[in-house]
1. Residues being over 17 Å from A:T50 (Cβ atoms) and either outside any helix (DSSP H, G or I) or within 16 Å of ligand 1 (Cβ to nearest atom) (or both): count how many of those fall in segment A:69-91.
2. Could you run through segment A:98-132 and say how many residues are surrounded by 21 or more Cβ atoms within 10 Å (Cβ to Cβ) and in contact with a helix residue (DSSP H, G or I) (Cβ under 7 Å, 6 or more places away or on another chain)?
3. Identify, please: which residue in segment A:61-70 is without any contact (Cβ under 8 Å) to a residue 60 or more places away in the chain and surrounded by 14 or more Cβ atoms within 10 Å (Cβ to Cβ) and is, among those, farthest from the other protein chains (Cβ to nearest Cβ)?
4. Please go through segment B:101-145 and give me each residue that is part of a loop (DSSP other than H, G, I, E, B) and in contact with an Asp or Glu (Cβ under 7 Å, 6 or more places away or on another chain), ordered by number.
5. Checking A:T83 against (1) free of Cβ contacts under 8 Å to residues at least 12 places away in the same chain; (2) more than 7 Å from chain B (Cβ to nearest Cβ), which test does it fail?
6. Got a number for residues in segment A:37-58 being within 13 Å of ligand 1 (Cβ to nearest atom), in contact (Cβ under 8 Å) with a residue 24 or more places away in the chain, within 26 Å of A:N192 (Cα to Cα) and not β-branched (V, I, T)?
7. Could you go through segment A:5-24 and let me know if any residue there is over 18 Å from A:M222 (Cβ atoms), more than 10 Å from chain B (Cβ to nearest Cβ) and touching a residue at least 24 places away in the same chain (Cβ under 8 Å).
8. Which pairs turn up if I take residues in segment A:186-215 that are under 19 Å from A:F91 (Cβ atoms) and look for partners that are within 16 Å of ligand 2 (Cβ to nearest atom) and among the basic types (K, R) with beta carbon separation below 9 Å, at least 6 apart in sequence or on another chain?
Amino acid sequence: MESLMLSIVDIRKSYRVGPTEVKVLKGINLTVEKGELLAIIGPSGSGKSTLMHMLGLLEKPDTGTYHIDGTQVIYDDDRVLSTLRNRKIGFVFQQYHLLPKLTALENVCVPLTYRGIKEGEVRKKSLEYLTKVDMQDRANHRPNEMSGGQQQRVAIARALIGSPAIILADEPTGALDTKTGEEIMDLFHRLNREEGITVVIITHNPGLAEQCGRYVKIIDGMIYSA
Amino acid sequence: MRALCENYRRDDLFGMTLLQVNFREASRSLWGSRQRSLLALIGIVIGIGSVIAMVSIGTIVQQEAVRQFKDMGIDIITIRKSFSENKKTEFNMDIIMRITEEKRNILTVAPYLTSGTEINRGRQKFSMEQMGVTASFFDLNKLQIRQGRAVSELDQNRYFCVVGDELADFLRKTGTSKILGSQITAEGRAYTVIGILDKVAEGGLRPYGMNKAMMIPISTALRTFQTPEISTVMARIAPHVSITQIKADISDYFGKKARGMQVEVTSAEELIERMKKQMQMFSLLLGAIGSISLIVGGIGVMNVMLISVSERKSEIGLRRALGAQQSDIQSQFLIESVILCLAGGFIGIILGIGISYLFAFFSKWQFIMSYFSIALGFGVSTVVGVFCGFYPARTAARLDPIKALRS
Ligand SMILES: Nc1ncnc2c1ncn2[C@@H]1O[C@H](COP(=O)(O)OP(=O)(O)O)[C@@H](O)[C@H]1O
Ligand SMILES: [Mg+2]
């Protein structure tokens, strides 16, 4: 148990669309070890994002249990869930989701502002993490002044700044060209290798998945190890 | 699990960092959509402006009332012939003067009559009042003699005059170096100046235009004026006697002595009442405008906030994903709404002070800044901001983060 970062057991989730019930996750079991770089592949609509939202505590499963970093998740208190998200999870999205009115530096600051750390300290740390993703020169640029790859780097710095237990990246290269995508993947590999950060990357690109330490497949709401 | 949350208690108890950041980001976001923000503010500006004006004017009027009280005392009344009275009966000097003997509540009387006229000095003209007065007139009106003396009982039928401050200025400017003892020609008669008055504040029960007046003995006025009618009798009344009693005494007296003559009595107190009523009407109007504008403005603010929430769904989803609690999102939007209203309140306060300044200026009253009203303005803006921001902020806080992220 010590070496497990997260484990989910028999997670199910369905959505009700009008009269019909759409089963999206049909009993998923998955464990991620500490320091692992795991890829999840699967065709579009197979439930990858839903699973990631589940792992990221944004979605409540219909049934099943979820342990993260040694504690079982209980879904009844927004304060607890938000705090867990803030402390344990670092999200990276396909569409970067940077706040357009904030600079790169300020965007990276956001997770820490919810911890009530002094602003000067937060900004210092933010610059440190921007340097880690090689974006220190763009600290005062706004998202619309940066390329897609640069925005994604800033988003990765934002995911890292809170020292989370795990980085969850949902198709992080999906909006990038092949070369930039590879650079972003290299960054994840480097962070995993050099800093031992646990990463789960969701992709529909089998080539990218094969470079990772381990990958699993999701097809139609069911998980298969490769 | 809960214990875990306790371990991660926020470092700063009062959330100052978040507040600071929220404040800056809210200002930026409002500035980003300033056209829309401004439109929403108009109602708040007018609303707060009216409320401020209302309170400020109230303060100014109150102060004015107190000033008139202090200046003249509340023991002064004026007696005039009733409007319904026919033209034939007139105040009679003897009857007026004897009222103090018969009605003990009337301590002193000062009848007077006025007549507008003009004097010429070379090419220059000066319009002024000629006033026929008694010696008691100076005391009742608290007139200060700067030079010379007042009209006395011994000046009966003589062509002496006491000049007001502005008239004295006019005489000086037109070449009279030694005013006291000089002569003024009015209506074909030459009057010798025996006294000069200090400037006197207008208003209250005082006759109009005393600074421009020349005051002559009432006996002289009754003989020389074209219409020698006593228009008004000022009187000092005994303290601690009800105005109703005074009125009864006076009606009784003139009823008996002056062939049933009807009179109208105005007291300082009534005057102040009338002033307050006037102010209340004005306040009511401003209050109505203020409330309606605040409601309209509040709805405008709520609307702007709702638009802002629906435009920023993905931001809300993202912030939730990064660890914002529902209460963080709620306070973010509440702060934005309060800032919006405070900005409107600030402009409204300036507007309101401007209105009350103009009101004081045109009423010739002294303007004072009401700090209470400024505090009230900021208070009301904050309340409107919280009240109208609450629903949009709660909507934002309760958004499903996934739906907000996927949008
Ligand atoms: N809130 C929802 N309501 C109804 N259906 C949903 C909802 N969220 C996701 N789905 C459905 O679940 C399935 C899986 O979606 P998703 O997890 O986004 O797939 P992927 O990320 O693998 O492309 C899709 O068919 C999608 O339409
Ligand atoms: Mg997806």
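1. Of the residues in segment A:69-91, 8 are over 17 Å from A:T50 (Cβ atoms) and either outside any helix (DSSP H, G or I) or within 16 Å of ligand 1 (Cβ to nearest atom) (or both).
2. Step one: list which residues in segment A:98-132 are surrounded by 21 or more Cβ atoms within 10 Å (Cβ to Cβ), which gives A:98, A:104-114, A:122, A:126, A:129-130.
When the remaining residues are screened for being in contact with a helix residue (DSSP H, G or I) (Cβ under 7 Å, 6 or more places away or on another chain), the result is A:98, A:104-105, A:107-114, A:122, A:126, A:129-130.
Of the residues in segment A:98-132, 15 are surrounded by 21 or more Cβ atoms within 10 Å (Cβ to Cβ) and in contact with a helix residue (DSSP H, G or I) (Cβ under 7 Å, 6 or more places away or on another chain).
3. Looking only at segment A:61-70, we keep the residues that are without any contact (Cβ under 8 Å) to a residue 60 or more places away in the chain, and these are A:61-65.
Right, trim to surrounded by 14 or more Cβ atoms within 10 Å (Cβ to Cβ) and you get A:61, A:64.
Numbers: A:P61: 13, A:G64: 17 Å.
The selected residue is A:G64.
4. B:K103, B:N105, B:K142, B:Q144
5. All conditions are met except number (2).
6. Going through segment A:37-58, the residues within 13 Å of ligand 1 (Cβ to nearest atom) turn out to be A:40-56, A:58.
Of the ones still in play, those that are also in contact (Cβ under 8 Å) with a residue 24 or more places away in the chain are A:40-44, A:46-52, A:54-56, A:58.
Restricting the remaining residues to those that are within 26 Å of A:N192 (Cα to Cα) gives A:40-43, A:47-52, A:54-56, A:58.
Filter once more, keeping what is not β-branched (V, I, T): A:42-43, A:47-49, A:51-52, A:54-56, A:58.
Residues meeting the conditions: 11.
7. Taking every residue of segment A:5-24 in turn, at least one turns out to be over 18 Å from A:M222 (Cβ atoms), more than 10 Å from chain B (Cβ to nearest Cβ) and touching a residue at least 24 places away in the same chain (Cβ under 8 Å).
8. A:I202/A:K48; A:T203/A:K48; A:H204/A:K48
The values are calculated or read from the model by the stated rules, or taken from the named source; none is laboratory data. Being a predicted model, the structure only gives us computed values, none of them experimental. A quick note on method: Cβ atoms are made from the backbone with ideal geometry, for glycine too, and the neighbour counts reach across all protein chains shown.
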